[in-house]
Amino acid sequence: MRNVKKSLLIGVAMLTGASFGAYAPDLPMAGWATQGGGTTGGAGYDTVTVSTLSDLQKYALAGNKVILVKAGTYTTATKNGIQVGDNVTIYGYQGAIIAQTKVTSATDNTAINVTGHNVIIRNITIKGAGSYDYDAGDCMHIYGEDGNGDGGSNIWIDHVTIYDGEDGNLDVIHAANYVTISWVKFSYTSASTNHQFSNLIGNSATRTSDNGYLKVSLHHNWWGDGVKERMPRVRFGKVHVANNLFTSSSNSYNVGPGVGANVLVEGNVFINQKDPLKVYSEGDMTTYPIVYSVKNNYGTSNESSGSAFTPSYTMGITDVSTQAKATLLQDSIEAYAGATLPDPRTTTTSSSSVAVSSSSVMSSSSSAVSSSSVNSSSSAVISSSSSVVSGAATLEKHGAGPSTQTVAQGSAIDDFYFTWTNATGAVVTGLPDGVTTYIDGTDIYITGTVSSTAALGDYDFIVTTTGATTNATKAGTITVTTVSSSSVAESSSSGGQDAIVDVSFTKTSFGVTPNTISTSAVVHFTAMKSGAARLVVMNVLGNVVRSESFDAKAGENSVNFFRNNLPSGTYYMSVRVDGVNNSQKVMIK
């Protein structure tokens, strides 16, 4: 079919052929969880993959672990939920659901109780038993130690779907601290008959031990169908409510500051909401006054009382001052809030559930290039510094793309990256022609389009840190094949998702020239059918900076992109067509 060319005033760099349409970009942590020493979860510890509730409970309580949760429903019992200890990351495969058991009395049926320090929970769904005012448990608690320890502190809850919590969806209580809740979707269904009150931050007007704690950031969350109140309800904490979406048609109020609350509400989108801010008079407000600032939101007016806190962290706020700008943020949150991240990519040592940790250090002897591999004609050597760092370095893989994948000549790889610690930089050798790397902070990205003339075969690449007393290495393989309309990326993970080819954009035809943008680029793709498409560019804070619509034609398409005034930096571009989203982290220079 004849190529169709369009010129769009968008500064972007690349498309991908992600086989699952709703994958969200892997945005970095922001907000209060970056403070107080930061939040790393189980990074640096072993990785396990679980498929039973007992294993999930065992490893979560023990701590010091990255826990990958296979698809399935894990139903917790009354007074026997999932207790999360110190230094834990819980990351779900698509379809991983934690279910709360129904009770009809004031009984603790909380499904997940986070009492540990330094915890990350991402990409799971928590299904409540249906809300009713029995004073029972929530879908999730973040539970501190009333100021007597660091339990319930440095917590990041990201890309989680939570609905129908019996007492509430997610509460932060008992002096928990340094918490970020981001890209979470909260809702209630017909299973909930009353008490659709989503989130408490501080659960008592007389618990003055909460004062000075409960520092919580909520950004890019979506309070949707069925939520009536507590989005959130706040006592004592310093709470930042920024760039969230409120669309419930049955709400009575949204944000509710009470005694001791210091709340900053900015850059949010309120769609036909009743009472976006409701102040609660309670407790000793002379000693613990209510302070709030509501500013620069869409759908409500500015108002304030006292001087709200200034965050100690930097977090860019998306401008929602017009309907068009507010719609951009709304579209992104509706597309990506909830458990929409890709499956984790790991390799397993056997058919058991124990996976090789992406944060473990591989010995150099285990990552040598196979003698049967294709010799690469290109390599990348990148380092951010030449100084020497004492001790052992680490490398941890991230991103949707697997480290072992098959790509046709002329096609883009599924991008991925490695994060190093205790090193000055990293080098990559053994990549096929057209696949390049770049460094962003302590991340080294592997990206690009395999040359149409690249030799066929396996390219065993090696990533090695530099500048440490003991450097770390990681290895992977990119297999280059001839062009095939049905070829898709393959993962070495025994638990990875199945390849899906029936999407609107086919995998093999994606490409961009050049793949690092200074002024413009051309993106090529093949659409399986014609239809409206839209491209949205977000910065690394999740703020929408560009959006443009165009018509995709069945067959080959070639679209010109112009950087215009887009600043240099790292961005995420999403392609949305016929319900399919394809996301890619890109570099503009």
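List of remarks:
- Gain in span if fully extended, Thr107 to Thr78, counting 0.36 nm per residue against the direct Cα distance: 9.7 nm
- When Ile290, Ile317 are sorted by how many other C-beta atoms sit within 10 angstrom of their C-beta, beginning with the fewest, the order is Ile317, Ile290.
- For the stretch 116-336: rounded, prolate or oblate by the Cα gyration tensor [a/c cutoff 1.5]: rounded
- Efficiency of FRET between Ser530 and Thr429 - r from beta-carbon atoms, R0 51 angstrom, step 0.05: 0.75
- Extension gain for the segment Ala324 to Ser190, taken as residue separation times 0.36 nm less the Cα-Cα distance, is 45.0 nm to one decimal.
- Alpha carbon centroid spacing (whole Å) that separates the stretch 68-87 from the stretch 421-447: 36 Å
- Length available on full extension from Thr481 to Ser568: 0.36 nm per residue minus the Cα-Cα distance, which gives 27.9 nm.
- Net dipole in debye of the stretch 116-336 [+1 Lys, Arg Cβ; -1 Asp, Glu Cβ; about Cα centre; nearest 20]: 440 debye
- Protection proxy ranking, peptides 250-261, 277-288, average beta carbon neighbours within 10 Å, highest first: 250-261, 277-288
Rule-based calculations on the coordinates, nothing more; no lab input. A quick note: this is a predicted structure, and the numbers were derived from the prediction, not measured. Note that each Cβ is placed from the backbone with ideal geometry, even for glycine, and that neighbours are counted across all protein chains shown.
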